[in-house]
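Any read-out appearing in this document is the output of simple, stated calculations on the displayed coordinates, not a laboratory observation. Since the model is a prediction, treat every value here as computed from it, not as a measurement. No Cβ is skipped: glycine too gets one built from the backbone with ideal geometry, and neighbour counts run over all protein chains shown.
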Amino acid sequence: MKIYKRKKALLSGDLVLRDDQAEYFALLDAAKERRAHRARLKLIDAGRLSVFELECLGRAGSELFTSDAAHRDLDDFILILAATKKGGGAVAYFHQGPLAEIPPAATLPLEAVRELARRGAFIYLSNKSAVRAADTLAVLAHDARRGGSRLGYYHHGALFEGLEEAANRGAWIHILGDVAADLRNFPLLGDLAAAAAAAGAGLVVHLERLVPVEILSDLHVAGAYLLFQTPPSDYRSPYRALEEKASRRRLDPKACYLYREFMR
């Protein structure tokens with residue numbers, strides 16, 4: 001009985017593995033075991049497995065975290081997405097390259113990414129290595145919501161006009177705390193937080209260092225999710241109460257690509 005309970009406890013949470021960390025049949029067994037215990041195998045697709053193998057893993061209940069770096073075409077992704085839906089899982093697709101009608105080789109064109117969104121894949125983007133246009137973000141946010149998923153957008157640097165439309169259409173928008181610390185950004189951030197919350201998503205602020213507590217309090221009231229990645233404040237600190245309130249606001253796991261601390 002003790003051995004059974006221990007095994008059940010070990011299988012009670014999600015398991016994250018890359019496709020090169022175990023052989024296919026071991027991954028398949030892990031996916032089935034996790035699903036039997038109401039958990040998931042979260043598989044990071046680096047392109048090592050075949051489409052057929054990923055379909056089988058999807059039907060077995062895996063959640064797939066993939067990207068254009070896996071070098072798969074739209075038809076491959078559609079097959080994998082359909083199989084994963086049958087298994088009750090999901091596909092999270094991170095697009096790292098440019099979003100263009102005719103992109104460089106080995107990356108999907110914009111229309112293909114839109115089709116994935118319309119079919120229910122969760123789409124994630126960042127502007128860290130490629131410029132993202134506000135109108136493109138809004139279109140993808142609309143497509144993803146229409147398909148029953150969401151767009152997650154990781155924003156670095158200065159904010160730009162038009163970003164609110166993606167929030168209005170249900171995008172999850174991630175920013176660093178340094179952006180929130182700039183008072184020039186505060187009016188737009190408040191609007192983004194309120195708009196995204198009203199659309200069933202949210203503004204996520206990744207705090208690698210503390211910024212003025214008054215700014216964070218106002219963003220929390222507007223509906224933002226504050227992710228404190230700093231040591232817990234002393235009980236006498238004005239941040240302590242805010243940290244506790246922020247921890248009670250549960251972030252949808254699908255708002256983030258794989259990990260909530262992820263800020264690519």
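Of all the strands (runs of 3 or more DSSP E) wholly in region 80-161, which have at least 1 residues that are within 27 Å of L183 (Cα to Cα)?
Per the criteria, 122-126, 151-154.
Among the residues of region 215-241, how many are over 16 Å from L176 (Cβ atoms) and either assigned to a loop (DSSP other than H, G, I, E, B) or in contact with a strand residue (DSSP E or B) (Cβ under 7 Å, 6 or more places away or on another chain) (or both)?
9
So for region 204-213 (the condition being touching a residue at least 40 places away in the same chain (Cβ under 8 Å) and touching a strand residue (DSSP E or B) at 6+ places or on another chain (Cβ under 9 Å)), does at least one residue qualify?
So far as region 204-213 goes, yes, one or more of its residues are touching a residue at least 40 places away in the same chain (Cβ under 8 Å) and touching a strand residue (DSSP E or B) at 6+ places or on another chain (Cβ under 9 Å).
Got a number for residues in region 66-115 being of a type outside the set (G, A, S), without any contact (Cβ under 8 Å) to a residue 24 or more places away in the chain and more than 20 Å from L137 (Cα to Cα)?
The qualifying residues number 1.
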